[in-house]
Amino acid sequence: MHKFERKYGIFSKLDACTVVLNIYNEGNVLSIVTDSSPHGTHVAGITSAYHPKEPLLNGVAPGAQLISCKIGDSRLGSMETGTGLVRALIAAVEHKCDLINMSYGEPTLLPDYGRFVDLVNEVVNKHRLVFISSAGNNGPALSTVGAPGGTTSSIIGVGAYVSPAMAAGAHNLVEAPPEGLEYTWSSRGPTVDGDLGVCVSAAGGAMAPVPTWTLQHRMFMNGTSMSSPCACGGVALLISAMKAEGVPVSPYSVREALENTSVPVGDSPEDKLTAGQGLMQVDKAYDYIQKSRDIPSVRYQIKITQCGKSSGCISGVIFIWYLTIGGSFLFCNHVSSMTIDVLSLSKRMTWLSHGLKGMDVSVVKTVSTVTLYVKVEPKFHDDASNLDELVPFEECVKLQSTGEAVVRAPEYLLLTHNGREFNIIVDPTTLSDGLHYYEVYALDCRSPWRGPLFRIPITITKPQAVKNRPPIIVFQGLSFVPGHIERKFVEVPIGATWVEVTVKTSGFTTARRFFIDSVQISPLQRPIKWETVATFSSPSSKSFAFAVEGGRTMELAIAQFWSSGVGSHDTTSVDFEIAFHGIDLNKEEIILDGSEAPVRIDAEALLSLENLAPAAVLNKVRIPYRPVDAKLSTLPAERDKLPSGKQILALLLTYKFKFEEGAEIKPHIPLLNNRIYDNKFESQFYMISDTNKRVYAMGDVYPDTAKLPKGEYTLQLYLRHDNVQYLEKMKQLVLFIEKNLDEKDAIRLSFYAQPDGPVTGNSSFNSSVLVPGAKEAFYVGPPAKDKLPKGISAGSVLVGAISYGKVAFGVNNEGKNPEKNPVSYCISYIVPPVQVDEDKGKGSSSSCTKSVEEQLEEEVRDAKIRVLSSLKHSTDEERSDWKKLSISLKASYYLVSRTHGSSIISILNSFSIINGTWQSEYPKYTPLLAKILEALVSENNVEDKIHHYEEIIGAADEVIASVDTDELAKYFSLKSDPEDEGAEKTKKKMETTRDQLAEALYQKGLALAEIETIKGDKVVDKEDAKAAASDSSVKPDLFEENFKELKKWVDVKSSRYGTLFVIRERHQGRLGTALKVLSDMIQEDGQPPKKKFYDLKLSLLEQIGWHHLVSYEKQWMHVRFPASLPLF
């Protein structure tokens, strides 16, 4: 077991894949752990690779002891899961780790929020672990840092830096850049709540070890995934020295040392949003820690309010800038903030500040200053002593601003454990267009050498207004060298919904590569980002179109890739033209309620002439399901007990669904999907399996599309949390199965100029030209009922997309696919109840040929058959009851004892039992006899098998005898009129009768074959078959006669009846033909595999003597028909 004995191995020399085993839950769970990718080994090697004979290959902290916690799930292609993340935190605390590196991350809706963030805060603040993580690889635009590294206050987020030496040695550049810089793709701050986002930077690339299965010892990789372990290795050296010298280890003091000793990257204050406080310096941080060893370890929590109102409600703030001010939950000298977006007279925005309620900001156009009230509270570790640490704490700090003309704060502040309040005045009225960054920071008056104790970052962007009409803005003659970034901030005009951008390059002779990003910040959603990478092999132009949100600031970041054009010494000139377009709508999301009424849409162009060309398609069906079962359980304490001592609970929800044909589907859970770090639920994981327990799809927060053959399926959803009340509320969680429609089945909706258009079919609406200030109204009609997908149920929702505008280049697709338009909206149609069968209720009309008495008798008969079908066969008593009822329904007379006490008597009494005798019922009614046969076939665990099969043969003979085969054959020899409703009903009835006859013949044939097998009379080879045929004393071959009769009615080689054909060929000694037909049946079935087919195939292969194939198929049987579902 690897956890205790450190043993590992490989599967084989062929794959060279390293594997370790762990055993949990008292030996009941075996965990087989392998790599998902080389990523983890590479990261570990950067931190602590140790090569005593080749020290140049060492990691940053050679020989540091590692606890490897795999959070990337191989079933999801290495995607991290909540379960893996929480178990990793538990293991880190259990093994008394000093620091954590996490080179993983995702976008987030809310910074400093979520279950994982709560647990990280506990690990850092209570257990004193230093947590280091990658900031992300989504730059160069601002506000692109990912979670958790860039958005969690208690985590040190690391950006990626490339030095000239790295560029020359690791990237093999002929000519390196003259100075170090941040990688172009390294994510930037601030976070959407104003935090800096990136704390420090470290080397973002390395040649480091990789697993043996890659067939190489080392590999070069770059990314913030590499800068994070580089920083972690440096911190490991610091902690090692602190322990050796008896300095108490605290994440607060380590962070303060790192940030206050880093070397700035870049010359402008705004560069802090790119590289944080700068490139970390381990040696200087070590000196800092030594010098400050006797200073208490403290973090500073900051909360901000407006005008002293505890509710945080702000009104009358007058800005035309987008401003972020550092705010709550400052970690050491690291702080989150609130956000103000003030761009128009009509917009209102929510301030987002962790720990504060939403604060509405009324936006007007004339503004001078904003006054903010700040509360600073020193926070100690959870185990700090009240008398020894909290009471004596007192710091006299000097507040300074990096821009006194814009941001002002009081000069001094006396801090005690209970905290203090002060105000900050921000006056951005004199600022020019563009990006501006300031800090208010606090210095210890007694020890100014310490540097800032805390910082409040303030980011202001003043966008450029678009004043001309049509709304076009042009940036000409932008000069680029490798690594240069141009940021343009534009106030997107109200009414704009998309932009068309044209980029024209010139002035270079070798290829140039550009990153072009657009970002907008909007409340309670992830930053709205569009990005592309454009390569210009020669001076030329390219055009792009993407969606925007009117009334908000847009950052447009254009960056020449850091290594593109290095050595050519050419300066690239770029002209940028941005044309804003938009169609304003009275409703963005369209919901068709299932009626025949269309939905009215009002469209208006607020900016310039626009081509209105609506297009809409419904290409998915979303079917709601509730769980059929919900099980709540306590997980074993070995891996799932939190450091706080709380036990994690699991809720397993089971959903059932069925497809009559193959489908491409995706599960959708609106409450939980697309959030992993900003989710209060610890984990979500689902598995889709068939009736054989074979898993077809797995997923978590980002569900993926899966192709399923027709059949019945089970989806199990697994949720974890330590709060039982949360899980109890989820027991009836609604899940949607979203099924993609084939292209031929997609429904394209029509548009009309009049409300009666969907009924009359007239007044269609195709296109128009919108004139600014004039509205155009039209209608979108519901889909025709005959266009709805077959088998769709009431309450299901057809969903798709609708678009309105026409882009000037490249993506119109003639309106066939609105999803390809840069701006499309959701449109849905609620499927109404099915059409009422017009035949129902006609019984009382004069056209009905049956009397009321006859109709009543038919209803009573069908009710009795339904009761018969509902009876169970689990026990002997239940089987006896069923048998008596079946006999009573088909026999002429049957005597029953008055003293019988079973539950069947009460049922029979309702069926007119007179003096202990059952009256004659329906001796030759085919549907009844077919139901009796079906019930006999479904019985299991029968002791006397020969008698059971004889009963099946008898029941099948009764079905066969009840069918007038001459009349049936005569009917199918003639062609019926499909337009005749009566003929269609007769056809349906005849097809049902034919299927019942075929099923009876099929089951009879199987029973005859089984009896022959049991009695040991089966024919082995052709010689035996000839001998049997020549023996006149042998009785007629009932199996063959039955087979020939079945062949008259159905295709005996089909998957439904082919088993009998295979048995016949085997009976005749034609084993090759039997195997061929069976293989075709398996291939063409189109459903989850049937075990009976594969069992028959194995027996055929064994009889043929192909033992190598028998061994191969037996191994695959474990995959096709697993004994149980895998664990979550």
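The values are calculated or read from the model by the stated rules, or taken from the named source; none is laboratory data. The structure displayed is predicted, hence computed values, not measured ones. FYI the Cβ positions are ideal-geometry reconstructions off the backbone, even for glycines, and counts take in every protein chain you see. Remember, those area values only see protein heavy atoms, side chains included, never the ligands or the DNA or RNA. Shrake-Rupley method; radii C 1.70, N 1.55, O 1.52, S 1.80 Å.
Structure data summary
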quantity: Test: VAL1077 is modelled with pLDDT of 90 or more, touching a Phe, Trp or Tyr at 6+ places or on another chain (Cβ under 6 Å), over 30 Å from ALA697 (Cβ atoms) and not acidic (Asp, Glu); calculated: yes
quantity: When residues of region 669-688 are limited to those that are among the aliphatic types (A, V, I, L, M) and out of contact with any Asp or Glu (no Cβ under 6 Å at 6 or more places or on another chain), the one farthest from VAL701 (Cα to Cα); calculated: ILE688
quantity: Failed item, numbered, when MET1081 is tested on (1) assigned to a helix (DSSP H, G or I); (2) over 36 Å from the mean Cα position of the chain (by Cα); (3) within 29 Å of LEU997 (Cβ to Cβ); calculated: (2)
quantity: Region 635-686: number of residues that are of a type in the set (Lys, Arg) and touching a Leu at 6+ places or on another chain (Cβ under 9 Å); calculated: 3
quantity: Long-range neighbours under 6 Å by Cβ, at least six apart or interchain, first residue open to solvent by 30 Å² or more (accessible area, probe 1.4 Å) within region 1084-1099, second part of a helix (DSSP H, G or I); calculated: LYS1097/LEU1078
quantity: Hey, VAL481 among the hydrophobic types (A, V, I, L, M, F, W, C), at pLDDT 90 or above, surrounded by fewer than 20 Cβ atoms within 10 Å (Cβ to Cβ) and touching a Gly at 6+ places or on another chain (Cβ under 8 Å) or not; calculated: yes
quantity: Residue that is farthest from LEU717 (Cα to Cα), among those in region 1110-1128 that are hydrophobic (A, V, I, L, M, F, W, C) and open to solvent by less than 60 Å² (accessible area, probe 1.4 Å); calculated: VAL1110
quantity: Residue in region 607-627 that is part of a loop (DSSP other than H, G, I, E, B), among the hydrophobic types (A, V, I, L, M, F, W, C) and open to solvent by less than 50 Å² (accessible area, probe 1.4 Å) present; calculated: yes
quantity: Every residue from region 561-575 that is part of a strand (DSSP E or B), buried (at least 19 other Cβ atoms within 10 Å of the Cβ) and not aliphatic (A, V, I, L, M); calculated: THR572
quantity: Long-range neighbours under 9 Å by Cβ, at least six apart or interchain, first residue over 10 Å from ILE932 (Cα atoms) within region 943-961, second among the small types (Gly, Ala, Ser) and not in a helix (DSSP H, G or I); calculated: none
quantity: Inter-residue pairs, beta-carbon under 7 Å, first free of Cβ contacts under 8 Å to residues at least 24 places away in the same chain and assigned to a strand (DSSP E or B) and in region 402-417, second surrounded by 13 or more Cβ atoms within 10 Å (Cβ to Cβ) and small (Gly, Ala, Ser), 6+ apart; calculated: ARG408/SER401
quantity: Residue list for region 216-240, filter: farther than 22 Å from PRO251 by Cβ and of a type in the set (S, T, N, Q); calculated: GLN216, ASN222
quantity: Some residue of region 559-577 being over 23 Å from VAL503 (Cβ atoms) and under 33 Å from the mean Cα position of the chain (by Cα); calculated: no
quantity: Single condition GLU80 does not satisfy, out of (1) charged (D, E, K, R); (2) open to solvent by 60 Å² or more (accessible area, probe 1.4 Å); (3) touching a strand residue (DSSP E or B) at 6+ places or on another chain (Cβ under 6 Å); calculated: (2)
quantity: Positions within region 249-271 being assigned to a helix (DSSP H, G or I) and at pLDDT below 95, in sequence order; calculated: PRO269, GLU270, ASP271
quantity: Pairs with Cβ under 7 Å, 6+ apart, first in region 756-782 and free of Cβ contacts under 8 Å to residues at least 40 places away in the same chain, second among the small types (Gly, Ala, Ser) and open to solvent by 50 Å² or more (accessible area, probe 1.4 Å); calculated: SER763/ALA753; SER764/SER750
quantity: Lone qualifier among VAL86, VAL19, VAL43 - being open to solvent by less than 40 Å² (accessible area, probe 1.4 Å) and part of a strand (DSSP E or B); calculated: VAL19
quantity: Within region 962-998, considering residues that are among the charged types (D, E, K, R) and closer than 12 Å to THR926 by Cα, the one surrounded by the most Cβ atoms within 10 Å (Cβ to Cβ); calculated: ARG994
quantity: When residues of region 517-557 are limited to those that are closer than 19 Å to ILE473 by Cβ and among the acidic types (Asp, Glu), the one most open to solvent (accessible area, probe 1.4 Å); calculated: GLU549
quantity: Residue within region 508-529 that is free of Cβ contacts under 8 Å to residues at least 24 places away in the same chain, of a type in the set (S, T, N, Q) and farther than 24 Å from THR108 by Cβ present; calculated: no
quantity: Count of residues meeting criterion [open to solvent by less than 30 Å² (accessible area, probe 1.4 Å) and in a strand (DSSP E or B)] in region 505-516; calculated: 5
quantity: Output for region 1066-1078, where each listed residue is within 22 Å of LEU1008 (Cα to Cα) and either in contact (Cβ under 8 Å) with a residue 60 or more places away in the chain or not in a loop (DSSP other than H, G, I, E, B) (or both); calculated: ARG1066, HIS1067, LEU1071, THR1073, ALA1074, LEU1075, VAL1077, LEU1078
quantity: Within region 369-407, tally of residues that are open to solvent by 70 Å² or more (accessible area, probe 1.4 Å), at pLDDT below 90 and out of contact with any Ser or Thr (no Cβ under 7 Å at 6 or more places or on another chain); calculated: 6
quantity: Residues within region 63-76 that are open to solvent by 60 Å² or more (accessible area, probe 1.4 Å) and not in a helix (DSSP H, G or I), tallied; calculated: 5
quantity: Qualifying helices (runs of 4 or more DSSP H) (wholly inside region 948-1065; at least 3 residues being modelled with pLDDT under 90 and touching a helix residue (DSSP H, G or I) at 6+ places or on another chain (Cβ under 6 Å)); calculated: 981-1015
quantity: Matching residues, region 46-62, being assigned to a loop (DSSP other than H, G, I, E, B) and open to solvent by 30 Å² or more (accessible area, probe 1.4 Å); calculated: TYR50, HIS51, PRO52, LYS53, GLU54, ASN58, VAL60, PRO62
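Residue-wise test of (1) in contact (Cβ under 8 Å) with a residue 60 or more places away in the chain; (2) out of contact with any Cys (no Cβ under 8 Å at 6 or more places or on another chain); (3) among the small types (Gly, Ala, Ser).
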site	(1), (2), (3)
ALA257	no, yes, yes
ASN260	yes, yes, no
VAL265	yes, yes, no
PRO269	yes, yes, no
GLN281	no, yes, no
ARG293	no, yes, no
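Yes/no matrix, rows are residues, columns are (1) open to solvent by 30 Å² or more (accessible area, probe 1.4 Å); (2) farther than 19 Å from ILE590 by Cβ; (3) modelled with pLDDT under 90:
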residue: PHE751; (1), (2), (3): no, no, no
residue: VAL769; (1), (2), (3): yes, yes, no
residue: GLU776; (1), (2), (3): yes, no, no
residue: TYR779; (1), (2), (3): yes, no, no
residue: PRO782; (1), (2), (3): no, no, no
residue: ILE802; (1), (2), (3): no, no, no
residue: GLY815; (1), (2), (3): yes, no, yes
residue: GLU819; (1), (2), (3): yes, no, yes
residue: ILE827; (1), (2), (3): no, no, no
